[in-house]
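Asks: Here it is: the structure, laid out below.
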Amino acid sequence: ALLQQLLPELNQEQRAAFVFFEIEGLSGEDIARLQGVPINTVWARIYKARRKLHDAVRRVERELPRK
């Protein structure tokens, strides 16, 4: 549920690459073919998506009430 809430924070290209790789299990090469971009672009998009999601999770954790 949290991932679904945070995915919209990514741009369309990052979100697609992340979902294809992390959730659908496609290879970087397959994603590059689907998106019509070089493989290094795919890896950069996945890296940026992971970083943004990590930061977003940290933000959500800080906003949770403490016990």
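The values are calculated or read from the model by the stated rules, or taken from the named source; none is laboratory data. Every value quoted in this text rests on a predicted model; they were computed, and no experiment measured them. Backbone-built Cβ (ideal geometry, glycine too); neighbour counts: all protein chains shown. What goes into the accessible areas is simple: the full protein's heavy atoms, side chains included, and nothing from ligands, DNA or RNA. Shrake-Rupley method; radii C 1.70, N 1.55, O 1.52, S 1.80 Å.
Asks: What number of residues within the range 35-49 are within 14 Å of Arg15 (Cα to Cα) and either in contact with a helix residue (DSSP H, G or I) (Cβ under 8 Å, 6 or more places away or on another chain) or outside any helix (DSSP H, G or I) (or both)?
Replies: 8
Asks: Let me ask something else about it. Which condition from (1) surrounded by fewer than 17 Cβ atoms within 10 Å (Cβ to Cβ); (2) touching a residue at least 40 places away in the same chain (Cβ under 8 Å) is the one that Lys52 breaks?
Replies: Tallying (1) surrounded by fewer than 17 Cβ atoms within 10 Å (Cβ to Cβ); (2) touching a residue at least 40 places away in the same chain (Cβ under 8 Å), Lys52 fails exactly one: (1).
Asks: Going by the structure shown, is Ile39 loosely packed, with under 15 Cβ neighbours inside 10 Å and either within 22 Å of Gln4 (Cβ to Cβ) or modelled with pLDDT of 95 or more (or both)?
Replies: Yes; evaluated as a whole, the condition is true for this residue.
Asks: Just the residues that are open to solvent by less than 60 Å² (accessible area, probe 1.4 Å) and among the aliphatic types (A, V, I, L, M), please, taken from the range 10-36.
Replies: Leu10, Ala16, Ala17, Val19, Leu26, Ile31, Ala32
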